[in-house]
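Structure first, commentary second.
The values are calculated or read from the model by the stated rules, or taken from the named source; none is laboratory data. None of the values given here were measured: they were computed from a predicted structure. Counting neighbours? That spans all protein chains shown, and the Cβs are built from the backbone with ideal geometry, glycine included. The area values use the complete protein model at the heavy-atom level, side chains included, leaving out ligands, DNA and RNA. Shrake-Rupley method; radii C 1.70, N 1.55, O 1.52, S 1.80 Å.
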Amino acid sequence: MLGLYIHIPFCAHICSYCDFPKRIPFSQEEVNKYIATLIEEIKNYKAYFVNIDTIYIGGGTPNYLDLDNLEKLLSFISSLKINFKEFSIELNPELITLEQVRLFAKYKINRVSLGMQTTDKKGLELLNRHHKLEDVLNAVKMLKDNGITNINIDLIYGYFNQTLNAVKKDIAFIKELDIKHISAYSLILENETLLNRTHNISELNEDLIADMNIYISNELAKLGFIQYEISNYAKPGFKSIHNLKYWSKEEYIGVGMGACSYLGHKRITNAKFLYKYLNNLDKEIEYLSIEDEKKEYLILGLRKVDGIIKKDYFKRFNSYVNNDFNYQKLVDYKLLYEDELTLRLTNKGLMLANVVFEEFI
């Protein structure tokens, strides 16, 4: 089955760490034209609708859209009669209104991801996030009151000058929210971001970040969360079905500015600039070799805590993973664990995943 990703690039402000395709729109007309173009692009994939079982609206800031454009998009998606298991949307807490939430419930959105990032005021300023903690509390209450209980909170840890005590406050706050899913990402200084221009990676304390990682994992486990991917934790039954498609290298459709599709050994990437997207320019098509497919399957699959199931690898490629890749050194260093059935990261490997992945790039 396929996933459908829909990208909304518009934001009220640009977060200092974000490298996703995004922009502050110049006019309402620009937003209106984008939604009309987006709907036309989705129509191009009509032949695939019967095989789609997850939908994910991301950004950017999807709830930056006004109610008219939100309803126009959601009404159109509803008309496709997609039999989805999971329908997710990303939201900024400070922009959430009761009218939006009622609209999400009306169109059967059943999973919401809230961009909280941190509870620390100085951290929010550094990351250029504009919400207050009461915005998060109000958002969670509104969602639950309207029947949307599958809620994810995004966290960022390891940012400049963050303390372990600040992380402890984040987890204590999350405990009070009683939610189903946590995505906890260690800060990455991505190119073309404000933080990358104003700070140096040498300013980050790797030992402290490791301590934060261990604390988050241990405390979330106490709260009943199961780690199922390097950065993702879920209560039983609430793993992200859509995101698991990426890590399992299943096919998916991506629509919108900068969005990517993976279909039939091809990666199709839309233009990352609005003018070019609106005029269907600079779409890139990459044909993946069998070596590319194997490498991506391995690296993405190892992101999952359960790792690679060897028989699934053989079924897909008609070859053995241990013949295709030389990873004995990583097993000897106790970064990878291997038995007859699986290949997966150890606890140490989960902490040093990028070191492991570099061996296969």
In whole Hz, what ³J(HN,Hα) sequence does the range 103-111 give by Karplus (6.51, -1.76, 1.60; θ = phi - 60°), x for Gly and Pro? 5, 4, 5, 4, 9, 6, 5, 10, 8
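For the pair Thr149 and Tyr48, what calculated FRET efficiency results from E = 1/(1 + (r/R0)^6), where r is the Cβ-Cβ distance and R0 = 35 Å, to the nearest 0.05? Numbers along the way, then the final one.
Values: r = 29 Å, r/R0 = 0.84.
The pair Tyr48/Thr149 has a calculated efficiency of 0.75.
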Apply the Kirkwood formula to the range 193-303: the hydrodynamic radius equals the inverse of the mean of 1/r over all pairs of different alpha-carbon atoms; give it in Å with one decimal. 17.3
Would you mind pulling out the separation of the Cα centroids of the range 1-43 and the range 174-188, in Å? 25
In what sequence, largest accessible area first, do Val31, Val355, Val50 appear using a 1.4 Å probe? Val50, Val355, Val31
Which of Lys245/Lys266; Lys85/Lys245; Lys122/Lys180; Lys175/Lys239; Lys46/Lys72 exceed 20 Å between C-alpha atoms? The answer is Lys122/Lys180
With a 1.4 Å probe and every protein chain left in place, work out the accessible area per residue of the chain in Å², rounded to a whole number. 50
Highest GNM mean-square fluctuation, the chain, Cα pairs closer than 10 Å: which of Ile151, Ile201, Ile179? Ile201
Accessible area in the full protein assembly, largest first, 1.4 Å probe, for Asp154, Asp145, Asp312: Asp145, Asp312, Asp154
Estimated inter-spin distance, Leu98 and Asn354, nm [label 7 Å along Cα→Cβ]: 4.5
Can you sort Tyr320, Tyr297, Tyr233 by solvent-accessible area, 1.4 Å probe, largest first? Tyr320, Tyr297, Tyr233
Over the Cα atoms of the range 162-220 the radius of gyration and the largest Cα-Cα distance (Dmax), both in Å, equal 13.4, 37
Return, ordered by residue number, the residues of the range 201-232 whose backbone nitrogen is under 12 Å from a label point located 7 Å along Cα→Cβ of Lys175. 219-224
Round to a whole number: what % of the accessible area of the range 18-152 belongs to carbon and sulfur, probe 1.4 Å? 51
Viscosity 0.692 mPa s, temperature 37 °C, Stokes-Einstein D of the range 1-67 from Kirkwood C-alpha radius, µm²/s: 249
Relative contact order for the chain: what is it in percent, counting Cα pairs under 8 Å that are at least 6 residues apart? 15
Got a sec? Charge dipole of the chain, +1 on Cβ for Lys and Arg, -1 for Asp and Glu; which of Phe76, Tyr215, Asn205 is way out at the positive end? Phe76
Cβ-derived FRET efficiency at R0 25 Å, Ser248 paired with Lys108, nearest 0.05: 0.55
The local net charge around Phe238, scoring Lys/Arg +1 and Asp/Glu -1 for residues other than Phe238 whose Cβ lies under 9 Å from its Cβ, equals +4
So if I average 1/r over every pair of distinct C-alpha atoms in the range 1-118 and take the inverse, what Kirkwood radius in Å does that give? 14.8
Go from 0 up to the bin containing the longest alpha carbon distance in the range 126-227, width 10 Å each, and give me the % of pairs per bin. 13, 42, 33, 12, 1
For the chain, which cysteines have no second Cys with its Cβ under 4.7 Å from theirs? Cys11, Cys260
Note the per residue figure in Å³ for the convex hull of the C-alpha positions in the range 251-313. 95
Which aspartates and glutamates, if any, have their Cα less than 12 Å from the Cα of Lys108, not counting same-chain residues under 8 positions apart? Glu86
I want to verify a result. In a Gaussian network model of the chain, Cα cutoff 10 Å, which of these has the top mean-square fluctuation: Lys180, Lys266, Lys22? Lys266
Give the value in nm², to one decimal: projected area of the alpha carbon convex hull of the range 307-351, averaged over all directions. 3.0
What is the percent carbon and sulfur in the accessible area of the range 288-361, measuring with a 1.4 Å probe over the protein chains and ignoring ligands? 49
Identify which of Ala47, Ala234, Ala259 has the largest mean-square fluctuation in a Gaussian network model of the chain, with springs joining Cα atoms closer than 10 Å. Ala47
How big is the chain in terms of Cα radius of gyration and Dmax, in angstroms? 20.5, 59
Roughly speaking, to the nearest percent, how much of the range 205-286's 1.4 Å accessible area is carbon and sulfur? 53
Within a Cβ distance under 11 Å of Leu189, other residues only, what is the Lys/Arg minus Asp/Glu net charge? -3
Mind checking which aspartates and glutamates have their Cα closer than 13 Å to the Cα of Lys249? Skip sequence neighbours fewer than 8 apart in that chain. Asp292, Glu293, Glu296, Asp312
